Every structure is written in C-alpha cells, then in structure tokens.
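A.B. asks: Below is one structure. I have some questions about it.
No lab work stands behind these numbers, since they all come straight from the coordinates. As the structure is a computational prediction, the values presented were derived from the model and not from experiment. Because the Cβ atoms are built from the backbone with ideal geometry, glycine has one as well, and the counts that use them run over all protein chains shown.
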Amino acid sequence: MGLAALAAAGAAGSPAARAEGREEPEKALSRAAEPEEATIRRVVFLCPRGTLLTVEFLNTEPGRPAIVHPPAGPAITLAPQPSGSGFRYGDETRELRGKGREVTWSDAGAPPIVCTERVAPPGGTEPN
C-alpha cells in the first residue's frame, strides 16, 4: 500500500474519528487485530549520475516489507529475504540489499547499482 493509500485509510481510523465513534467497523476490527500502528521510515540514497533511490521501511522491524522507489520506474513492494548480515528484500527479478549506509539495487538484467544514504542537511528536508 502506498503512502497516499495509507494516509487515506488512516483518516477513517484517526484518533478523532475513533473518539467520535465514526470509525468504520472493518477498520476497527483490523486495528484491534494489529499490535501497533504502521510507521514508515523513509531513507533516500544517492546513486551514480546523481539519481536517487528512496526506500520506505514499514515498521522498521524484521519481517515487514519495504517499498522501493527506484531511480527509474514505478514503486515496488519487496518482501524481506534471509540475509547473513545487513538486510535484504527481493522478488523474482529485483533485489535490494544493504548494510550500514550503503545499498545495492539489482533490477532484472541491468547491472547492479551501489547507492549511499543521503543525509539531510541540518534543518533541511529530504527530497520527495
């Protein structure tokens, strides 16, 4: 689910809606079954030729998917994969693996690219 969909879904399940009893029943049931609200950690990586790779880590705990916004193409949700060290997400044709501030992005037949975490300037904002 993308950020816009998460935001739209969250409006009906907002604290104000819950307090006023306006929360949809399906949302209330799914919230009761989930141990915590979804949190997203967004990290921007600088890649060769000044391109950006953005990754949204969902709930920052093991076993949760990541949404990858590659330098070219649409966003992709990847499932976590076993990794000896660091982290790894992938599917049949794409893989994101990383350790520390560096990631390697592989996409079907294209050469892998290595990207480094972009640190936002103090008081600044990260790009979209």
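A.B. asks: Run the quick spin-label model on residue 104 and residue 42: label points 7 Å from Cα toward the beta carbon, then report their separation in nm to one decimal.
C.D. replies: So the two model labels end up 2.9 nm from each other.
A.B. asks: Under a point spin-label approximation (7 Å from Cα along Cα-to-Cβ), what is the residue 75-residue 91 distance to one decimal in nm?
C.D. replies: Roughly 1.4 nm, to one decimal.
A.B. asks: For residue 40, what residues show an amide H to amide H distance below 5 Å, using hydrogens built from the backbone and excluding near sequence neighbours?
C.D. replies: Excluding prolines and chain starts, which carry no amide H, the hits are 59.
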